[in-house]
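The values are calculated or read from the model by the stated rules, or taken from the named source; none is laboratory data. Note that the structure is predicted; figures quoted are calculated from it, not measured. Cβ: placed from backbone, ideal geometry, glycine included. Neighbour counts: every protein chain shown. All accessible areas refer to the heavy atoms of the entire protein, side chains included, with ligands and DNA or RNA removed. Shrake-Rupley method; radii C 1.70, N 1.55, O 1.52, S 1.80 Å.
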Amino acid sequence: MKRRAQDINEHSTWQDMTVGAEIFEPATSLLVNTGDWRIMKPVFKEDKCKHCMLCIPYCPDSSIPVKDGKRLDFDYMHCKGCGICVKVCPFGAIDFVKEVK
Amino acid sequence: MAIRDRMSGNEAIAMAMKQINPDVMGAFPITPSTEIPQYFSEYIANGLVDTDFVAVESEHSAMSVCMGASAAGARAVTATSSAGLALMWELLYVAASSRLPITMAVVNRALTGPININNDHSDSMGARDSGWLQMYAETNQEAYDNFIQGILISEACRLPIMICQDGFITSHGVSNIELIEDEKVREFVGEYQPENYLLKHENPLAVGPYGTSPYYMEIKRQQAQAMKDAMPVIRDVAEKFEEMTGRSYGFFEEYRMDDAEVALVVIGSSAGTGKEAVDRLRAEGKKVGLIKLRVFRPFPRIPLAEAMCKVKAVAIMDKAESFSNSGGPLFNEARNSLYDLEDKPYAVNYIYGLGGRDITVEDFYDIYQDLFVIYDNDDPGDVYRYIGVRDSRFL
Amino acid sequence: MEKKTKQNEAVEIRWHGRGGQGAKTACLLLADVAFNSGKHVQGFPEYGPERMGAPITAYNRITDEPCKVHSNIYHPDYVVVVDETLLGTVDVTKGIKDGGALIINSKKEPEEIREMLPEYKGKICAVDAEKISMETLGKNYPNTPMLAAAVKVSHVIDQEQFIRDMEESFRHKFSHKPEVVEGNMKALKKSMEEVKVS
Amino acid sequence: MAYNLKKEVEKKERLVGGHRLCAGCGAGVAVRGVLRALEPEDKAVVANATSCLEVSTFMYPYTAYEDSYIHTAFENAAATLSGVEAAYKVMKKKGKIPDTFKFIAFGGDGGTYDIGLQSLSGAMERGHDLVYVCYDNEAYMNTGIQRSSSTPRFADATTSPVGSVSPGKIQNKKNLTEIIAAHNIPYAAQTTFIGNFKDLHEKAHKAIYTKGASFLNVLSPCPRGWRYEAEDLAEICQLAVDTCVWPLYEIEDGKWRLTYEPKRKKPVEEFLAKQGRFKHMFEPGNEWMIENTQEYVDKEWEKLLKKCK
């Protein structure tokens, strides 16, 4: 069985489903764009960020990447714009603006 | 060399489980299957098996444990009856749709309403649409043989299987049995090696998704295919089993069906009583036969129809009501399977043996008598009948 | 069509006792010893929600060919009554076949029992299993003497082999209590000697 | 080892984005927080009761988990995971599993306080080496905000609506953590999202790495069900603990310990006022509801303090 989630979609035939609807690869939801749910958008102001990391664990969508001790810009493909990070930032390093599509 | 022994059907199932040495057993006691986890617990207490026995707080959890264990990559078994099976109901569908191999000994007992501990098939027949494979046994020997085959069938089809036998009648009745040597059983069932499992090193596995409408039906269609594909698997496993033991198994057994004019189709221990009636009637020169159905899921529609077509009138016996006002579950499926055939027999239904009501050789005589009347008069009469019930109209 | 009532060649036995007295055990023991002598056997109790003291029934079929029938036994060759007090409440002689026998645990003579069963014309065998058990085991375990009486009366298996098999079985079961083996063997033999037939 | 947020957030994410939980959902925060406590070298099997979390994080063919995951039904996550753990023990003994696995079940309050309580009790009593995490959002959110036995008194839920003769839910919240602690399991704790997540992280780590059955009850606000602005999650949680509505404590080998004591115990109004589900309590004539709630919280807090002494 070699079928991957990326090859399964709403046009796939029953023969192309995985047996028992199981998925044998990790984190396939990364293929899903939930960024288009956003009405409001957090904007990262790097200059104000002290990389305290407080915003990271509060994000329900794991959309604030961290690398080498640095907080990086938002993963906008998955960020739903809830604004929790905006509120928890002690340094005003995240703006919250209307999403423009 | 086979080992001659004598034991009850429950002991035979426990023995099969011991020889298989499964990884996990999750079970909760319910009459009349209680002895199975009891015997098995003794094996555990004496270090005779490697199994992790999970003594759960309900049958619901017993099935949950089996599903978890099976998904994790383990060989999982359980045993239950009646209300215990009913409590598992929701999960039976989940196990089948997640395609988790589980081998469950079902010791058939009436469902409550009113409460009754004795045998009929209402428990497993009620679960007939759950997606489980189902095999039924006439004797303790067949229960034992079916359980050992069931492990392989279930794993090869990736479908759970119920190995059914009649509560008390065979489960508590001691009779002769031929056991297979431990090492031969272990070689026969081999090691369970699923392709993907939760504890696999190379990749994770996610089991049991939310299936939205664009996927759900495809997933179900695939499940239906698995049930269809189980037919050759059951046949192949039976062939392999026959090579080992000399005992041959099919989807059903035809008993003295050559040249038979009338016959009955029956499931479980009552088949033996029916066979005795056949023998005596044959000794009197009457051309009667009997078909004992072993595999109910998948339903062997075409071969069964062909077998039934050898006779002019057939009585289809149901040890379960389905309150459909048109006969029991076996009747409806068996009779339906005749529909496409040109030269089909009359088919009538007998509901019998509910809640432990005994059925005797004499009862079978009466049924064969009825069949000859149908044959002679060329008229089936009322096709939905009861036998063995007190009825003021006939007093 | 003539109705026949019993599996060809089978010896069919019905046991009556009370829950907890060992009638079921005796029934299964008989299945065991018959199996050991090369027979095909069935031993099955009739189950309900009965508890200690309630009347219970158990059955044996013993045949040379595999037993196919899975119904209860309505026309037994022999009926064994483990508890005499059941005579007043259970129709113990019901269906006994011509040429069969009733085997009962009682201090009474068979003739005295016959007076209590005016409808019954067949053979009656009585054995005081309680006395035998008390003498040989010091406790009232009627099932071993009743099993022996059943074997003696029914001839269902060879008696000498029965004694040998039982001795082996007791030695296995009571390996840590050899005195119990001796007591049981005495009970067995005594019962076979003392069973009275009318 | 001392808790270090900077180090912890460098770990590989075990619940990834792309799941379909509501924007601002507390469940996602709870699951991330608990899974972050896993040592990177260990693997996990996550079991899930049917819930918002379940339908959102594994919608075919998209799983949001890095680890293996199993969902079977609503009421049996603990029993299902028991089976996985039993399989692990046997297969490990047989040399079939090279890795170390940890077993973590997630259920909402519906699947934990209510329909799954029997299965949970069974698993705790049997002592499987697993952690059961309740993400407690105080109602059946997946089906549309019906009351559960975890819903607090006076909350307006769709099966305990506020009406002309009804003050909302009549009964007080069930104390599940104490019920589970009464199983005498080695570790049980209550936590939520406050500060730098030290409390949640340390409890999750203990729960995962304590041998035997452990239980974590994580208050996980639901912006839709509680009717507050999603962005206020951290503030709501802080108020829950500062008002002592949701005390943070743990029970380790039978020893009760308070892990957070507010410097100044705030009045319950501050927690209630932020949420639409309690709005009616602030209407004229309903002052008794707030008083009643305050009395109840005070009483429970005193009882807890005694246990933690």
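Before moving on, here are some points about what is shown:
- Residue within the stretch D:82-100 that is within 17 Å of B:M67 (Cβ to Cβ) and under 21 Å from the mean Cα position of the chain (by Cα) present: yes
- Output for the stretch B:21-65, where each listed residue is of a type in the set (D, E) and more than 24 Å from B:V185 (Cβ to Cβ): B:E57, B:E59
- Considered as a group, the residues in the stretch B:23-61 that are open to solvent by 20 Å² or more (accessible area, probe 1.4 Å) and of a type in the set (A, V, I, L, M) include one that is farthest from D:L81 (Cα to Cα), and that residue is B:L48.
- Cross-chain or 6+ apart pairs with Cβ under 9 Å, the stretch C:182-198 first and without any contact (Cβ under 8 Å) to a residue 24 or more places away in the chain, then among the acidic types (D, E) and open to solvent by less than 90 Å² (accessible area, probe 1.4 Å): C:M185/C:E167
- Residue among B:Y216, B:Y249 that alone is over 24 Å from the mean Cα position of the chain (by Cα), aromatic (F, W, Y) and either assigned by TED's automatic domain parsing to the domain that holds B:F299 or outside any strand (DSSP E or B) (or both): B:Y216
- Output for the stretch A:35-69, where each listed residue is open to solvent by less than 20 Å² (accessible area, probe 1.4 Å) and more than 8 Å from every other protein chain (Cβ to nearest Cβ): A:G35, A:P42, A:C55, A:I64
- When residues of the stretch C:35-46 are limited to those that are over 17 Å from C:V69 (Cβ atoms) and more than 7 Å from every other protein chain (Cβ to nearest Cβ), the one surrounded by the fewest Cβ atoms within 10 Å (Cβ to Cβ): C:G38
- Residue match in the stretch D:45-66 (condition: in contact with a Ser or Thr (Cβ under 8 Å, 6 or more places away or on another chain), surrounded by 19 or more Cβ atoms within 10 Å (Cβ to Cβ) and more than 27 Å from A:N9 (Cα to Cα)): no
- Scan of the stretch A:70-101 for residues that are facing chain D (nearest Cβ under 8 Å) and outside any loop (DSSP other than H, G, I, E, B), ordered by number: A:I84, A:V86, A:K87, A:V88, A:F96
- Test for B:S322: is it in a loop (DSSP other than H, G, I, E, B) and in contact with a strand residue (DSSP E or B) (Cβ under 7 Å, 6 or more places away or on another chain): no
- For the stretch D:204-239, filtered to residues that are basic (K, R) and free of Cβ contacts under 8 Å to residues at least 60 places away in the same chain, the residue that is nearest to the other protein chains (Cβ to nearest Cβ) is D:R227.
- Qualifying residue in the stretch B:41-51 (condition: assigned to a helix (DSSP H, G or I) and farther than 30 Å from C:C27 by Cβ): no
- Pairs, first in contact (Cβ under 8 Å) with a residue 24 or more places away in the chain in the stretch A:41-55, second assigned to a helix (DSSP H, G or I), C-beta under 7 Å, six or more apart: A:P42/A:C85; A:P42/A:V86; A:L54/A:V88; A:C55/A:C85; A:C55/A:V88
- Among the residues of the stretch D:58-92, the ones that are in a helix (DSSP H, G or I) and more than 7 Å from every other protein chain (Cβ to nearest Cβ) come to 4 in all.
- Count - residues of the stretch D:1-24 that are under 21 Å from D:D67 (Cα atoms) and assigned to a helix (DSSP H, G or I): 2
- Residue in the stretch D:25-47 that is more than 8 Å from every other protein chain (Cβ to nearest Cβ), β-branched (V, I, T) and not in a helix (DSSP H, G or I) present: yes
- Looking only at the stretch B:208-249, residues that are farther than 30 Å from B:E178 by Cβ and open to solvent by 80 Å² or more (accessible area, probe 1.4 Å) come to 6 in all.
- Of all residues assigned to the stretch A:39-47, at least one qualifies as being assigned by TED's automatic domain parsing to the domain that holds A:G92, in a loop (DSSP other than H, G, I, E, B) and of a type outside the set (S, T, Y).
- Condition met for B:K228 (in the same structural domain as B:N146 (by TED's automatic domain parsing), more than 27 Å from the chain's Cα centre (by Cα) and charged (D, E, K, R)): no
- Of the residues making up the stretch B:272-294, those that are under 26 Å from B:I161 (Cα atoms) and more than 8 Å from every other protein chain (Cβ to nearest Cβ) are B:L290, B:I291, B:K292, B:L293, B:R294.
- Inside the stretch D:99-142, residues that are of a type in the set (V, I, T), open to solvent by 10 Å² or more (accessible area, probe 1.4 Å) and under 14 Å from D:E75 (Cβ atoms) make up a count of 1.
- Residue pairs meeting the criteria (Cβ under 7 Å; at least 6 apart or on separate chains; first open to solvent by 70 Å² or more (accessible area, probe 1.4 Å), in the stretch C:109-121; second modelled with pLDDT under 95 and among the aliphatic types (A, V, I, L, M)): C:M116/C:L87
- In the stretch B:27-40, the qualifying residues are those that are of a type in the set (A, V, I, L, M) and not in a loop (DSSP other than H, G, I, E, B), and the one that is nearest to the chain's Cα centre (by Cα) is B:I36.
- Pairing each residue of the stretch B:364-376 that is open to solvent by 70 Å² or more (accessible area, probe 1.4 Å) with any residue that is not in a helix (DSSP H, G or I), provided the two are 6+ apart or on different chains, yields C-beta distances under 7 Å for B:Q369/C:M1; B:Y375/B:E261; B:Y375/B:V262; B:Y375/B:K312; B:Y375/B:A313.
- Helices (runs of 4 or more DSSP H) fully within the stretch D:194-309 that include at least 1 residues being open to solvent by less than 40 Å² (accessible area, probe 1.4 Å) and either in contact with a Leu (Cβ under 6 Å, 6 or more places away or on another chain) or closer than 29 Å to A:P90 by Cα (or both): D:198-209, D:223-226, D:233-242, D:268-272.
- Taking the criterion of being more than 7 Å from chain B (Cβ to nearest Cβ) and open to solvent by 20 Å² or more (accessible area, probe 1.4 Å), the residues of the stretch C:49-65 that qualify are C:E50, C:R51, C:M52, C:G53, C:A54, C:P55, C:I56, C:T57, C:D64, C:E65.
- Positions within the stretch D:276-297 being within 26 Å of the chain's Cα centre (by Cα) and among the polar types (S, T, N, Q), in sequence order: D:N292, D:T293, D:Q294
- Wholly within the stretch C:124-188, helices (runs of 4 or more DSSP H) carrying at least 3 residues that are open to solvent by less than 10 Å² (accessible area, probe 1.4 Å) and within 14 Å of C:D83 (Cα to Cα): C:143-154
- Qualifying residue in the stretch C:24-34 (condition: more than 28 Å from C:D128 (Cβ to Cβ) and either at pLDDT below 95 or more than 7 Å from chain B (Cβ to nearest Cβ) (or both)): no
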